[in-house]
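**Student:** A single structure is presented below for examination.
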There are 2 protein chains.
Amino acid sequence: MVSMVIALVAGAVALLFAAIMTKRVLSADAGNEAMREIGDAIREGSSAFLRREYLALVPFVVVMTIVLGVVIDLVTLGSAIPKTAISYLAGTICSAAAGLVGMNVAVRANVRTAAAAMIGLNPALRVAFSSGTVMGITVVGIGLLGVTILYLIWRDITVVAGFGFGASSIALFARVGGGIFTKAADVGTDLVGKVEAGIPEDDPRNPGVIADNVGDNVGDVAGMGADLFESYVGSIISTIFLATVVGAVAYNDNMAVLPLLLAGAGILASIIGTFVVRSGEQADFGQLLWALRRGIFVASGLLAIFALVIVLVMDLDFRWFWAIISGLVAGIVIGLATEYYTSYDYTPTKIIAEASQTGSATVIISGIATGMISTLVPVIAISLTILVAFELAGFYGVALAGVGLLSTLGITLATDAYGPVADNAGGIAEQAKLEAIVRERTDALDALGNTTAATGKGFAIGSAALTSLALLAAYAAAVGILDDGINLLKHTTLVGLLIGAMLPFLFSAFTMKAVGRAAFAIVTEVRRQFREIPGIMDGTGKPDYARCVDISTRGALREMILPGVMAVVAPLAMGFVLGTEALGGLLMGAVASGFMLAIMMASAGGAWDNAKKYVELGNYGGKGSEAHKAAVEGDLVGDPFKDTSGPSLNILLKLMAIVSLVFAPVFLKVTPVIDLF
Amino acid sequence: MVSMVIALVAGAVALLFAAIMTKRVLSADAGNEAMREIGDAIREGSSAFLRREYLALVPFVVVMTIVLGVVIDLVTLGSAIPKTAISYLAGTICSAAAGLVGMNVAVRANVRTAAAAMIGLNPALRVAFSSGTVMGITVVGIGLLGVTILYLIWRDITVVAGFGFGASSIALFARVGGGIFTKAADVGTDLVGKVEAGIPEDDPRNPGVIADNVGDNVGDVAGMGADLFESYVGSIISTIFLATVVGAVAYNDNMAVLPLLLAGAGILASIIGTFVVRSGEQADFGQLLWALRRGIFVASGLLAIFALVIVLVMDLDFRWFWAIISGLVAGIVIGLATEYYTSYDYTPTKIIAEASQTGSATVIISGIATGMISTLVPVIAISLTILVAFELAGFYGVALAGVGLLSTLGITLATDAYGPVADNAGGIAEQAKLEAIVRERTDALDALGNTTAATGKGFAIGSAALTSLALLAAYAAAVGILDDGINLLKHTTLVGLLIGAMLPFLFSAFTMKAVGRAAFAIVTEVRRQFREIPGIMDGTGKPDYARCVDISTRGALREMILPGVMAVVAPLAMGFVLGTEALGGLLMGAVASGFMLAIMMASAGGAWDNAKKYVELGNYGGKGSEAHKAAVEGDLVGDPFKDTSGPSLNILLKLMAIVSLVFAPVFLKVTPVIDLF
């Protein structure tokens, strides 16, 4: 009981700290009128998108809540109180709230970061990073509070799993919708502006420029927040599940509450870590990167110490400690590996840049090959973690490793979520025609953001793999096949595995095609405005920014439905048609191919982006050369890879696993179609 | 015993028929002196490559033969006669022979096809298709004879598996080496010739033009022959294995010899099918396609009848008949689906062509998305086949389905292997400056070849999936885990599965990077010759064709080693370190992700190729437009996808499975490293 109180206190502290940081961001200077005007447009567009996105999801959430309440709670579990349905609803609301809070700060921090950049690099870093911190700490705070409170009320993790399901379903829609919005606006705006009209990025004459800036916020901030929110709660829930259901301990046993305590310790470690993030005024790229890294390393070190203290004080099994550490180490290794494959400080990205001399085809081939090779280290790291953690404590150990990896999420998410703020600040500086030094400073922060974003993506993928496996084990326990196992040599399992391995490919195709269609709508609209609005090119006519935002919004909302529904329907269909073992195969097949695809897409996308930047530094002819054009094409291909399809895959894997877990009681009572013959 | 005699007779008939067809090809007119000179250069280059490739493989084969003779035969099986080693050696020799025969005819048929095209379309089709027939029928003839003879001698399928291993290892090197050669020469020659120097494809002034033509023969003919040779013997061996070891029947039981009989029947059906392939003189694309299709449909229909007769006469289990038919149907469905996604008669490829209006990035994204979506139908088709065949007759049924799918290989391979001959004929017509109508006729045959190649690739992938699964089951039986099953919820299996799923990505990356490096060497050489050889552009100076061939050869041979060795070492390492269940996981993980990647790459590559052709027909600006340039970039990306990395994946899956099967006796005697702790 003490442990849960500690978890509640830690969650409350997180929210308090986030509030303080928010106040600090808001108290910063918001710049001159031109800047505020641009900032307002971005804020309004972002808020409008999020509002419409959440509204569009209301029917889905309502239907799902009723289905869960009737099918799971009432009929299957025979419970008059719709516990699962309530948990689900709470999960959706908490996820939406986390996204909303983070984005609301980000859309105010962008203009303040630009203003701070007029003074210096360090002030700008402080504002942008504070905004990221609000996001990171809010996500973990709400997540920990939500799980702990529901768990205290229901005292049964089976129904609390609904909370994870709610978080996952909102996360999928937010990631997919936001990802489509941001890349459609980005690609569409660039294709017409940079390539056809020949005006620079972020030029205020481009009608799509505000939509592009809005995209950073709704995709990279709100989408990512929802994504990691669900990872976080998913890893905690699956660990408690494995403790109470498989380990058969009481709901408040040490084994069950350990993940809550760890998460609380992680919040504390993260908050302390944020204090060491600061840089000197003349900081170069390496020093800035080190400033952020130091925060993460300090937090990780602290977490290791806290975990040791917890294990010693509560007299827990010492093997659990090593399981936690194995996850923590895997996260850091995967993050560093992702950075190696995507930073132009290292060979792989330089080779891609070199290939730009022979045209875009060789850039693409080289990038895809690099993305594929970059799966090696993460797979080895996760494999070793699985082997070690499992040998130490079975699937509970694997789940603990996932919690260990995610426990410092408060700060890793902060270093990630600050990037879009810096990116936006650069856009505002450009549009408000601030002096060049301001843009240089925001560019430095933005470049840093690209690197931390790549690291963050590797981190997210690694955590998704471990959490999915933990959820798979929890599901297997729930349908009673954990002991007998899932037999790969059964035809139904084989088919489940093959179809599961196909789903990430299908899902990626849907989201990529969606970006293409939505971007095409933007291209058409930007071209139309250039053609029809008089004086738009010499600055006397004002572009209709809002219309581009509106078109992106409608495109994204329309396109997010099919992949989102597929993710919920596919596992249910498999379970009801071919049975629970086949569904286990499907989940594992999806992890196997989805993990590779997600890493490949994240690495290739990041490497193309940075190869372009490397050429822009003056290599192989620099900006405007044929090599640069080829590199830009690579970057355009990488955009949906790294910001839409790739990150959405993480959620797909976990969502399918948690749907299976939540519906486990139903599967137990229904005979699958294949057994009817 | 009668069955095996029938199989031997069928094999002998096949070789006899191939000899007759060869004579027919050689008796055709070989054209004028200019044509013969070009033909000679292509033939010499191709033979030189194959000779050097086989020589380069001698050390590998010798070492492997000794290892098998000592480790498997002597130490593990305690047999003084190195049965496995001899089988292995026979497999490598037969595979090399099949490739050699097919290619030797193809490099003589190309110039004769060009000469026949001077008379008309149908004569040209007859010559080219006869050459393809030699290849197809030789492959199945040698394959069936090899397996049957070895089986008659050893009377133990366990050691005959070595024959499959030999065939697989040569196939992998031939596919990878040939694939790297052909695409490096193709991409390298086009990049400098078409893009930089602005001269047309197949222009005799381009120093790489002969290397490009050689590539068609060593990659698409010899490489593909070796590939399907090993599929064919792999499916037969795994079926006999499942009958005699799992079904525990005598070596000459009906259940054991059924695959041999089926293969014999398939040879007969294929030979009859080739006689209905002919077209009218004014045939359009649809009629030409139908001419080839008719051959396949007639052969498939005959096979179904033969299978029925076999089952009735021998009084076999009727469920086996339906298992065979399920494979036959799956093959046709997958072939048609692949055609749908890659032919410009249908929407998917048209959408890619449409995307060329907004640049190469959108072409690439659209193509990759199409490739990913195209996994759906093949996965469903294979899944249904697995479900049906397994319910009917367990893994023996799945293996039978694989035999059913491959039994008409004689003719499906013929329709596939004729394409490169037509392609070469076009090149010869261009270089020998024949009148335009000749090139038009060869182009018509070539376009047809692209479609049948796409269909053939789908077919090859489908057969690879079924054969791999049958081999996986055979392996499981051999290491004694078929009854207990492979438990997906064991940590070692999970790790095996993840690493297995990674291998196709890693392997594809290696082969793509190899193409890039080898192509770069060609680019450098072609540029050098354009620069240093005086009068090369006005035709007074003669390019050094042989040097380009030599550079491609060396590049391909150097680059094929690493991926080839990886495919043999990876499963052995997994088996010895994490044990047999983990190895089962690895094999299945590789099938799951490799199947998707292979389909994606084949479809995307084919679709890009045809989207380019669609633009060249005059759509979106036609040849020379910006849209065309974008479409060409797509095609360049697709080249290594569809002709190097994609097809090699099929072999990777089967090679790893058969290595595991051959080393099964060793795994049984050795304790895996993980169990030592």
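The values are calculated or read from the model by the stated rules, or taken from the named source; none is laboratory data. Not measured: the values here are computed from a predicted model. A quick note on method: Cβ atoms are made from the backbone with ideal geometry, for glycine too, and the neighbour counts reach across all protein chains shown. Note: areas computed on protein heavy atoms with side chains; ligands, DNA, RNA excluded. Shrake-Rupley method; radii C 1.70, N 1.55, O 1.52, S 1.80 Å.
**Student:** Could you tell me whether any residue of the range A:402-415 is of a type outside the set (A, V, I, L, M), open to solvent by 10 Å² or more (accessible area, probe 1.4 Å) and within 14 Å of chain B (Cβ to nearest Cβ)? Before the answer, list the steps.
**Tutor:** As a first pass, look at the range A:402-415 and keep what is of a type outside the set (A, V, I, L, M): A:402, A:404, A:407-408, A:410, A:412, A:415.
Next cut, open to solvent by 10 Å² or more (accessible area, probe 1.4 Å) only: A:412.
With the extra rule that they be within 14 Å of chain B (Cβ to nearest Cβ), the set shrinks to none.
There is no residue in the range A:402-415 that is of a type outside the set (A, V, I, L, M), open to solvent by 10 Å² or more (accessible area, probe 1.4 Å) and within 14 Å of chain B (Cβ to nearest Cβ).
**Student:** Sticking with this one: Among the residues of the range B:517-531, is any open to solvent by 20 Å² or more (accessible area, probe 1.4 Å) and assigned to a loop (DSSP other than H, G, I, E, B)?
**Tutor:** Kept after step one, since they are open to solvent by 20 Å² or more (accessible area, probe 1.4 Å), are these residues of the range B:517-531: B:517, B:520-521, B:524, B:527-528, B:530-531.
In the following step, the residues that additionally are assigned to a loop (DSSP other than H, G, I, E, B) were identified as none.
No, every residue in the range B:517-531 fails to be open to solvent by 20 Å² or more (accessible area, probe 1.4 Å) and assigned to a loop (DSSP other than H, G, I, E, B).
**Student:** Scan (1) within 12 Å of chain B (Cβ to nearest Cβ); (2) within 30 Å of A:Leu676 (Cβ to Cβ) for the single condition A:Val569 breaks and write down its number.
**Tutor:** Evaluating A:Val569 over (1) within 12 Å of chain B (Cβ to nearest Cβ); (2) within 30 Å of A:Leu676 (Cβ to Cβ) leaves (1) as the failure.
**Student:** In the range B:372-394, how many are polar (S, T, N, Q), within 7 Å of chain A (Cβ to nearest Cβ) and in a helix (DSSP H, G or I)?
**Tutor:** Quick first cut of the range B:372-394, residues polar (S, T, N, Q) only: B:374-375, B:383, B:385.
Those left that are additionally within 7 Å of chain A (Cβ to nearest Cβ): B:375, B:383.
From the residues that got through so far, the ones that are in a helix (DSSP H, G or I) too are B:383.
The number of residues fulfilling the criteria is 1.
**Student:** Please specify each residue of the range B:41-64 satisfying the condition of being open to solvent by 30 Å² or more (accessible area, probe 1.4 Å) and within 15 Å of B:Ser169 (Cα to Cα).
**Tutor:** If the condition is that a residue be open to solvent by 30 Å² or more (accessible area, probe 1.4 Å) and within 15 Å of B:Ser169 (Cα to Cα), then B:Tyr54, B:Leu55, B:Ala56, B:Val58, B:Pro59, B:Phe60, B:Val62, B:Val63 are the ones that fit.
Condition check ((1) of a type outside the set (D, E, K, R); (2) in contact with a helix residue (DSSP H, G or I) (Cβ under 9 Å, 6 or more places away or on another chain); (3) open to solvent by less than 80 Å² (accessible area, probe 1.4 Å)) across all residues:
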residue	(1), (2), (3)
A:Arg319	no, yes, no
A:Ala323	yes, yes, yes
A:Ser326	yes, yes, yes
A:Ile332	yes, yes, yes
A:Glu339	no, yes, yes
A:Tyr344	yes, yes, yes
A:Ile352	yes, yes, yes
A:Ala355	yes, yes, yes
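**Student:** Do we find that A:Thr553 is crowded, with 21+ Cβ neighbours inside 10 Å and within 25 Å of the chain's Cα centre (by Cα) in this structure? Walk me through how you get there before you give the answer.
**Tutor:** Details: crowded, with 21+ Cβ neighbours inside 10 Å: yes; within 25 Å of the chain's Cα centre (by Cα): yes.
For A:Thr553, the condition - crowded, with 21+ Cβ neighbours inside 10 Å and within 25 Å of the chain's Cα centre (by Cα) - is met.
**Student:** While we're on this one: Just the residues that are of a type outside the set (A, V, I, L, M, F, W, C) and more than 14 Å from every other protein chain (Cβ to nearest Cβ), please, taken from the range B:601-621. Walk me through it before giving the result.
**Tutor:** Step one: filter the range B:601-621 for residues of a type outside the set (A, V, I, L, M, F, W, C), giving B:603, B:605-606, B:609-610, B:612-614, B:616, B:618-621.
Residues satisfying the conditions are B:Gly606, B:Asn610, B:Lys613, B:Tyr614, B:Glu616, B:Gly618, B:Asn619, B:Tyr620, B:Gly621.
Matching residues to (1) hydroxyl-bearing (Ser, Thr, Tyr); (2) open to solvent by 30 Å² or more (accessible area, probe 1.4 Å); (3) in a helix (DSSP H, G or I):
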site	(1), (2), (3)
B:Ala7	no, no, yes
B:Leu15	no, yes, yes
B:Met21	no, no, yes
B:Arg24	no, yes, yes
B:Asp29	no, yes, no
B:Met35	no, no, yes
B:Ala80	no, yes, no
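So that you can scan it fast, the table gives a plain yes or no per residue for (1) in a helix (DSSP H, G or I); (2) among the hydroxyl-bearing types (Ser, Thr, Tyr); (3) surrounded by fewer than 20 Cβ atoms within 10 Å (Cβ to Cβ):
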residue	(1), (2), (3)
B:Tyr251	no, yes, yes
B:Arg278	no, no, yes
B:Leu288	yes, no, no
B:Leu308	yes, no, yes
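**Student:** Also: Which residues, counting only those in the range A:625-652, are in contact with a Pro (Cβ under 8 Å, 6 or more places away or on another chain) and hydrophobic (A, V, I, L, M, F, W, C)? Steps first, answer last, please.
**Tutor:** Taking the range A:625-652 as the starting set, the residues that turn out to be in contact with a Pro (Cβ under 8 Å, 6 or more places away or on another chain) are A:648-649, A:652.
Once the filter is applied, which keeps residues that are in contact with a Pro (Cβ under 8 Å, 6 or more places away or on another chain) and hydrophobic (A, V, I, L, M, F, W, C), the range A:625-652 yields A:Leu649, A:Leu652.
**Student:** State the number of residues belonging to the range A:657-677 that are surrounded by fewer than 18 Cβ atoms within 10 Å (Cβ to Cβ) and not in a helix (DSSP H, G or I).
**Tutor:** Total satisfying the criteria: 3.
Listed here are the residues, each with its yes/no results for (1) in contact (Cβ under 8 Å) with a residue 60 or more places away in the chain; (2) part of a helix (DSSP H, G or I); (3) open to solvent by 10 Å² or more (accessible area, probe 1.4 Å); (4) within 7 Å of another protein chain (Cβ to nearest Cβ).
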position: A:Tyr475; (1), (2), (3), (4): yes, yes, no, no
position: A:Gly480; (1), (2), (3), (4): yes, no, yes, no
position: A:Asp483; (1), (2), (3), (4): no, no, yes, no
position: A:Leu494; (1), (2), (3), (4): yes, yes, no, yes
position: A:Leu498; (1), (2), (3), (4): yes, yes, no, yes
position: A:Ala501; (1), (2), (3), (4): yes, yes, no, yes
position: A:Leu506; (1), (2), (3), (4): yes, yes, yes, yes
position: A:Thr511; (1), (2), (3), (4): yes, yes, no, no
position: A:Ala514; (1), (2), (3), (4): yes, yes, no, no
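**Student:** Pick from B:Pro543, B:Pro534: which is open to solvent by less than 20 Å² (accessible area, probe 1.4 Å), in a loop (DSSP other than H, G, I, E, B) and over 28 Å from B:Pro665 (Cα atoms)? Explain how you work it out, then say what you get.
**Tutor:** Working: B:Pro534 fails: open to solvent by less than 20 Å² (accessible area, probe 1.4 Å).
Exactly one residue qualifies, and that residue is B:Pro543.
Per-residue answers, yes or no, for (1) at negative phi; (2) part of a loop (DSSP other than H, G, I, E, B); (3) at pLDDT below 95; (4) within 13 Å of another protein chain (Cβ to nearest Cβ):
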{"site": "B:Leu316", "(1), (2), (3), (4)": "yes, yes, yes, no"}
{"site": "B:Tyr340", "(1), (2), (3), (4)": "yes, no, yes, no"}
{"site": "B:Ser356", "(1), (2), (3), (4)": "yes, no, yes, yes"}
{"site": "B:Ala361", "(1), (2), (3), (4)": "yes, no, yes, yes"}
{"site": "B:Ala369", "(1), (2), (3), (4)": "yes, no, no, yes"}
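**Student:** Separate question: Among (1) hydrophobic (A, V, I, L, M, F, W, C); (2) open to solvent by 20 Å² or more (accessible area, probe 1.4 Å); (3) in contact (Cβ under 8 Å) with a residue 12 or more places away in the chain, there is one condition B:Ala425 misses while meeting the rest; what is its number?
**Tutor:** Evaluating B:Ala425 over (1) hydrophobic (A, V, I, L, M, F, W, C); (2) open to solvent by 20 Å² or more (accessible area, probe 1.4 Å); (3) in contact (Cβ under 8 Å) with a residue 12 or more places away in the chain leaves (2) as the failure.
**Student:** I'm trying to understand the selection: among the residues of the range A:622-648, which are away from chain B (no Cβ under 12 Å) and within 23 Å of the chain's Cα centre (by Cα)?
**Tutor:** Step one: list which residues in the range A:622-648 are away from chain B (no Cβ under 12 Å), which gives A:622-625, A:627-628, A:642-643, A:646-648.
Selection gives A:Lys642, A:Asp643, A:Gly646, A:Pro647, A:Ser648.
**Student:** Of the conditions (1) of a type outside the set (Val, Ile, Thr); (2) more than 14 Å from A:Met224 (Cβ to Cβ); (3) assigned to a helix (DSSP H, G or I); (4) open to solvent by 10 Å² or more (accessible area, probe 1.4 Å), A:Arg175 satisfies every one except a single condition; which number is it?
**Tutor:** Result: A:Arg175 passes all but (2).
**Student:** Right, next: Filter the range A:116-164 down to the residues that are of a type outside the set (Lys, Arg), out of contact with any Gly (no Cβ under 9 Å at 6 or more places or on another chain) and outside any helix (DSSP H, G or I), then identify the one that is most open to solvent (accessible area, probe 1.4 Å).
**Tutor:** Filtering the range A:116-164 for residues that are of a type outside the set (Lys, Arg), out of contact with any Gly (no Cβ under 9 Å at 6 or more places or on another chain) and outside any helix (DSSP H, G or I), the one most open to solvent (accessible area, probe 1.4 Å) comes out as A:Ile119.
**Student:** If you scan the range A:135-176, which residues turn out to be aromatic (Phe, Trp, Tyr) and under 22 Å from A:Val62 (Cα atoms)?
**Tutor:** Of everything in the range A:135-176, those that are aromatic (Phe, Trp, Tyr) and under 22 Å from A:Val62 (Cα atoms) turn out to be A:Trp154, A:Phe163, A:Phe165, A:Phe173.
**Student:** Kindly provide the set of residues from the range B:218-229 that are modelled with pLDDT under 85 and over 10 Å from B:Gly99 (Cβ atoms), ordered by number.
**Tutor:** Result: B:Gly219, B:Asp220.
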